[in-house]
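The structure under discussion appears below in the form of structure tokens.
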Amino acid sequence: MIHTDAAVVTSFDEPPHFLPFDLPEPKDGEVVVDVLAAGLHPRVRSGASGAHYTSTGALPLIPGVDGVGRRADGALVYFAVDDTRHGTMAAKAVIDQRRTIALPDGADAVRIAAAMNPAMSSWVALRRRVAWTPGASVLVLGATGNAGAMAVQVAKLLGAGEVVAAGRDRGRLALVGEAGADRTIALDDASADAELADAARDVDVVLDYLWGAPTERAIRAVLTARTDRSRPLDWVEIGSVAGPDIALPSAALRSAHLRLIGSGQGSIGPREYLAELPSLVDAIGEGRISVQTRTARLADVESVWSEPEAPGIRTVLVP
Ligand SMILES: NC(=O)c1ccc[n+]([C@@H]2O[C@H](COP(=O)([O-])OP(=O)(O)OC[C@H]3O[C@@H](n4cnc5c(N)ncnc54)[C@H](OP(=O)(O)O)[C@@H]3O)[C@@H](O)[C@H]2O)c1
């Protein structure tokens, strides 16, 4: 057994507690790392509450899907885990070397741990889920969160033409505009549908972090305004902060070339994710994707868990 201190979920109705935990011994291809930083992403919260679609219901569990750690030989690595019980929010983690990439000496562990999950959402969606053509125009629906704001920059980095950013937090939307969006649409405005129709009528790709009612309205607004309805539109479902379901009129699929797809664990395989990690680490390390972080001590996980998140700032737990 590997003894460690960890954030431990003992009930899906409570925040994790800081407790000792025994990890299984590493198997072939696995090593133990000292964890330096692990991001508190929405995905981590949904796993810890038993609500994520990969959840098995088994407890106790250590939450956390990725992090930065140091191997016994001193190497700094970014690692992702695919184990619903033994996550990354611990002083030590047992990691599969195949799900690891080496980081350069001096890499900023907190920054990498904060940015990889939100940035990867758009990076893999554009590189693995759509037939991406440089110059394509993109609508980011829900551009005010960490992942949505990064999606605007990622789309530009990957060669997008016009990028339209839509969200409800006007302060954050203004920052997203300064960070590279060509046009911003405030979704809380009475004229939002008309503005979306005007700005996004001919986009090629939608990166959708919202779902629920705002997506129902946006699909209607964009499709009915399309200049050429036979022009393909890849609508990529990535997040669901505004609701888990939508009602989709059948006519939406008949009357326009709408290709409704999703991007996430499952629709993209582990190999595909891993293949994208090195270039994404480079982009984050080189500062081409902005990230704001706040660090908190792993030992304080229980209180940190219940604190409200500051918009656009990713909390990172540090053992
Ligand atoms: N599939 C993937 O690969 C993948 C990867 C990473 C993340 N995700 C998902 O992407 C989503 C966003 O992640 P994140 O890291 O960006 O989270 P985040 O930083 O917490 O951002 C969520 C944002 O959603 C906004 N929001 C909440 N309800 C809204 C509503 N009804 N209308 C408009 N905006 C609303 C919030 O802004 P205000 O409340 O300030 O308006 C907040 O800024 C989550 O669902 C996450 O699970 C998916």
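Set the Förster distance to 51 Å, then compute FRET efficiency between M1 and D189 from the Cβ-Cβ distance, nearest 0.05.
Taking R0 as 51 Å, the efficiency between M1 and D189 is 0.35.
Determine the calculated [θ] at 222 nm for the chain from helices alone, applying -39500 (n - 2.57) to every DSSP H run no shorter than 4 residues and normalising by the residue count; nearest 500 deg cm²/dmol.
Roughly -9000 deg cm²/dmol at 222 nm, from the helical runs in the chain.
Can you give the extra length, in nm with one decimal, that the chain gains between R254 and R231 once fully stretched, where that is 0.36 nm per residue apart less the Cα-Cα distance?
Between R254 and R231, full extension yields an extra 7.0 nm.
Count charges around F79 for me, please; just the other residues with Cβ under 9 Å from its Cβ, Lys/Arg as +1, Asp/Glu as -1.
After counting each charged neighbour, the total is -1.
How far, in nm, would the chain grow between A75 and E276 when pulled straight, counting 0.36 nm per residue and subtracting the alpha carbon separation?
70.3 nm
Over the chain, calculate the relative contact order: mean separation of alpha carbon pairs under 8 Å at least 6 apart, over the residue count, as a percent.
Relative contact order for the chain comes out at 19 percent.
When only alpha-carbon atoms are used, what values of Rg and Dmax, in angstrom, describe the range 187-263?
11.6, 30
Tally Lys/Arg at +1 and Asp/Glu at -1 over every other residue whose Cβ is under 13 Å from the Cβ of G171; what's the total?
Once positives and negatives cancel, what remains is 0.
Which loop-located trypsin sites (Lys or Arg not before Pro) does the range 223-305 contain, where loop means any DSSP state but H, G, I, E or B and the Cβ has at most 14 other Cβ atoms within 10 Å?
R229, R288
Any chance you could run the full-extension gain for A102 through Y53? It's 0.36 nm times the residue separation minus the Cα-Cα distance, nm to one decimal.
Gain on stretching A102 to Y53: 14.7 nm.
Are there any GluC sites (Glu not before Pro) in the range 229-319 that are in a DSSP loop and have at most 15 other Cβ atoms within 10 Å? List them by number.
Hits after loop and neighbour filter: E286, E309.
Top mean-square fluctuation among G64, G29, G87, Gaussian network model of the chain, C-alpha springs under 10 Å?
Ranking G64, G29, G87 by mean-square fluctuation puts G29 first.
When 1/r is averaged over all different Cα pairs and the result inverted, which Kirkwood radius in Å belongs to the range 117-262?
14.7 Å
Report, by chain and number, residues whose modeled amide H sits under 5 Å from the one on L36, excluding near sequence neighbours (fewer than 5 apart, same chain).
Distant-sequence amide H within range of L36: V68, G69, R70.
Looking at the chain from every direction and averaging, what is the projected area of its Cα convex hull in nm²?
Value for the chain: 15.9 nm².
Where Lys and Arg each count +1 and Asp and Glu each count -1, what net charge lies around A91 among other residues with Cβ under 10 Å from its Cβ?
-1
Just to be sure I understand: with springs between alpha-carbon atoms less than 10 Å apart, which residue in T133, T227, T100 has the highest mean-square fluctuation in the Gaussian network model of the chain?
T227
Can you check how the C-alpha radius of gyration of the range 155-226 compares to 2.2 N^0.38 Å, as a plain ratio?
My calculation over the Cα atoms of the range 155-226 gives 1.04.
Coordinate-derived values only; no laboratory data. Note that this is a predicted model, so its numbers are computed, not measured. With ideal geometry, Cβ positions are generated from the backbone for all residues, glycine too; neighbour counts draw on all protein chains shown.
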